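The structure appears below as structure tokens.
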Amino acid sequence: MITLPEAYQKYLSGLSAHHAEALRPVFLESVADGEHGISIRGMGSKHVQAYVDDSVPFGEIREEIRHAHEY
């Protein structure tokens, strides 16, 4: 079984089960890579994109979520 870094586990545990399962493959990709962290961007909690980002250190998450009133 793959163990996710603590920051990844904490982030996913703060999401709904459905949302966490939608993002989990990207977190697993980061762990398989072992070199790069994750960026999460989007608008609110329903429109987000997560991707492995070579500018983020492994085990870390960079989040840029905007809310509708910010556009």
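The values are calculated or read from the model by the stated rules, or taken from the named source; none is laboratory data. Treat the numbers as computed from the prediction; the structure is a model and nothing was measured. Neighbour counts run over all protein chains shown; Cβ positions are idealised from the backbone, glycine included. When the accessible area is computed, the model is the full protein with side chains, heavy atoms only, and any ligands, DNA or RNA have been set aside. Shrake-Rupley method; radii C 1.70, N 1.55, O 1.52, S 1.80 Å.
Within segment 1-16, restricting attention to residues that are open to solvent by less than 80 Å² (accessible area, probe 1.4 Å) and not aromatic (Phe, Trp, Tyr), which residue is farthest from Phe58 (Cα to Cα)?
Ser16
As an exercise: evaluate Gly59 against (1) open to solvent by 80 Å² or more (accessible area, probe 1.4 Å); (2) assigned to a loop (DSSP other than H, G, I, E, B) and give the number of the one condition it does not meet.
(1)
So Ile61 fits all but one of (1) modelled with pLDDT under 90; (2) of a type in the set (Val, Ile, Thr); (3) in contact with a helix residue (DSSP H, G or I) (Cβ under 8 Å, 6 or more places away or on another chain); what number is the exception?
For Ile61, the failing item is (1).
When you look at Gln49, is it open to solvent by 70 Å² or more (accessible area, probe 1.4 Å) and under 9 Å from the mean Cα position of the chain (by Cα), yes or no?
Answer is yes for this residue.
Using the structure shown, decide if Gly37 is part of a loop (DSSP other than H, G, I, E, B) and modelled with pLDDT of 95 or more.
It is false that Gly37 is part of a loop (DSSP other than H, G, I, E, B) and modelled with pLDDT of 95 or more.
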